[in-house]
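The values are calculated or read from the model by the stated rules, or taken from the named source; none is laboratory data. Because the structure is a prediction, the values reported are computed rather than measured. Every residue, glycine as well, gets a Cβ built from its backbone with ideal geometry; the counts of neighbours run over all protein chains shown.
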Amino acid sequence: MALKWMNDWSRANPKDIYAPAIGIGIIGAVLVAATLLVSLGQPFKTSSVQTGPRGEGAVVVKFASDRNTPDPTIADYMSQDPIKPQPGDKLAKDVYKNVQVLGNLTEANFTRLMVSMAQWVAPTQGCAFCHGNGDISTYSEDKLYTKVVARRMLQMTQNINENWSGHVQSVNEAGVNCYTCHRGQNIPSGVWYRIDPVNKDTMGWAAVQNRVTIQSQWTSLPSDALEKYLLEGKNILVSAQSVRDKTDKATIQDTERTFSLMNYIDNSLNVNCTFCHSTRAFWDTAQVTPQWATALLGIQMVNEVNNDYLAPLAKVFPASQLGPKYQDAPKLACNTCHKGYQRPLGGMDMIKDWPELASSAPPKY
């Protein structure tokens with residue numbers, strides 16, 4: 001059939017030699033592309049996860065390649081089995097001086113945790129990151145700010161695992177430890193500092209409108225959403241069902257801040273609005289998905305952590321580690337732990353091997 005078509009074309013158009021070649025080339029390219037798709041798979045294939053009741057569009061759609069790609073930092077996670085205490089084992093507080101948080105651990109488990117923390121937070125510097133380059137007799141000193149901060153972070157980790165299990169163990173046992181945030185870095189990625197107001201010369205509300213910032217996820221939305229909702233504890237009250245509803249106490253600025261925060265949360269977990277909400281009724285908490293409650297607990301948890309543990313450390317951190325505008329301490333938010341994944345580190349159990357971090361109470365081995 002194709003040969004007859006070419007012969008007929010050549011007789012009718014003896015000087016036009018390009019059209020048949022182009023046609024054959026297109027057909028060949030289509031065949032090659034089809035062959036590749038069959039043999040290599042569909043590169044743009046998507047998969048869906050239902051997040052709420054059927055019929056409400058509560059579905060998160062992702063490219064299958066993204067969904068099946070694990071967090072690359074999982075490979076670098078170091079863990080060790082706990083050492084079951086034996087009668088007569090010495091406690092850390094009886095062996096070392098100035099052990100304020102983990103003194104009731106056995107010496108073996110205390111050392112095991114310290115070595116792991118060095119790998120989680122400072123794999124290059126090692127123990128010297130908190131204790132300096134002196135011999136072990138100097139390890140009790142609090143001369144380095146890193147040691148003072150690390151002590152407070154241990155208390156923070158115990159508090160999160162003990163009192164915020166509704167967020168960090170919403171699906172199964174997972175919890176957090178130092179690696180959840182740090183991933184081998186001294187300062188975790190995803191921390192934030194206050195930057196608003198950046199534009200003080202604008203008349204009216206100078207919330208960095210139409211100026212992209214990292215806080216607003218590179219959009220022109222307000223840059224103070226993290227500050228208002230994850231530090232000052234401002235309630236999210238946007239619930240109007242019509243424009244300028246007089247019964248709604250939220251301002252237009254509150255609405256814009258809410259969009260900014262929601263955009264940040266979506267990007268931090270690599271999900272969309274339907275992960276938590278029914279898009280036909282954002283205002284109706286009776287139509288939300290189970291993840292909505294987990295996210296709400298997360299917002300409350302982050303507020304507590306920022307106010308009780310991180311913000312006060314501005315007096316401890318050196319100037320080089322403080323915010324560039326207000327000299328505030330680094331604070332955490334969703335992305336600090338999630339880093340673009342729905343569940344940090346794929347939902348790995350971060351306290352199974354570390355009962356010392358599961359609670360401020362004596363560990364259960």
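For the reader, a short list of remarks on this structure follows.
- Among the residues of the range 130-157, those identified as outside any loop (DSSP other than H, G, I, E, B) and of a type in the set (Lys, Arg) are Lys147, Arg151, Arg152.
- When Ile160 is tested against (1) under 28 Å from Arg343 (Cα atoms); (2) assigned to a helix (DSSP H, G or I); (3) out of contact with any helix residue (DSSP H, G or I) (no Cβ under 7 Å at 6 or more places or on another chain); (4) not basic (Lys, Arg), only condition (3) is not met.
- Candidates Ile236, Ile252 - the one that is more than 20 Å from the chain's Cα centre (by Cα), under 19 Å from Lys331 (Cβ atoms) and at pLDDT below 90: Ile236
- Condition check for Ser116: assigned to a helix (DSSP H, G or I) and not assigned by TED's automatic domain parsing to the domain that holds Lys315: yes
- Against the conditions (1) in contact (Cβ under 8 Å) with a residue 40 or more places away in the chain; (2) surrounded by fewer than 16 Cβ atoms within 10 Å (Cβ to Cβ); (3) on the phi > 0 side of the Ramachandran plot; (4) not basic (Lys, Arg), Pro318 satisfies every one except (3).
- Residue among Leu332, Leu310, Leu269 that alone is buried (at least 17 other Cβ atoms within 10 Å of the Cβ), at pLDDT below 95 and among the aliphatic types (A, V, I, L, M): Leu269
- Residues in the range 273-315 that are of a type in the set (D, E, K, R), without any contact (Cβ under 8 Å) to a residue 40 or more places away in the chain and more than 30 Å from Met153 (Cβ to Cβ): Asp284 only.
Matching residues to (1) among the small types (Gly, Ala, Ser); (2) over 25 Å from the mean Cα position of the chain (by Cα):
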site	(1), (2)
His131	no, yes
Gly134	yes, yes
Arg151	no, no
Asn161	no, no
Ala174	yes, no
Cys178	no, no
His182	no, no
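- Number of the condition not met by Lys84 [criteria: (1) assigned to a helix (DSSP H, G or I); (2) surrounded by fewer than 16 Cβ atoms within 10 Å (Cβ to Cβ)]: (1)
- Of all the criteria given as (1) out of contact with any Gly (no Cβ under 7 Å at 6 or more places or on another chain); (2) closer than 27 Å to Thr73 by Cα; (3) outside any helix (DSSP H, G or I), the one not satisfied by Asp328 is (2).
- Considering the range 68-81, the residues that are in contact (Cβ under 8 Å) with a residue 24 or more places away in the chain and not aliphatic (A, V, I, L, M) include one that is surrounded by the fewest Cβ atoms within 10 Å (Cβ to Cβ), namely Asp81.
- Subset of the range 119-129 [in a helix (DSSP H, G or I) and touching a residue at least 40 places away in the same chain (Cβ under 8 Å)]: Gln119, Trp120, Val121, Phe129
- Neighbours by Cβ (under 6 Å, 6+ apart or cross-chain): first from the range 94-118, more than 28 Å from Asp76 (Cα to Cα); second of a type in the set (Ser, Thr, Tyr) and surrounded by fewer than 20 Cβ atoms within 10 Å (Cβ to Cβ): Lys97/Ser140; Asn98/Ser140
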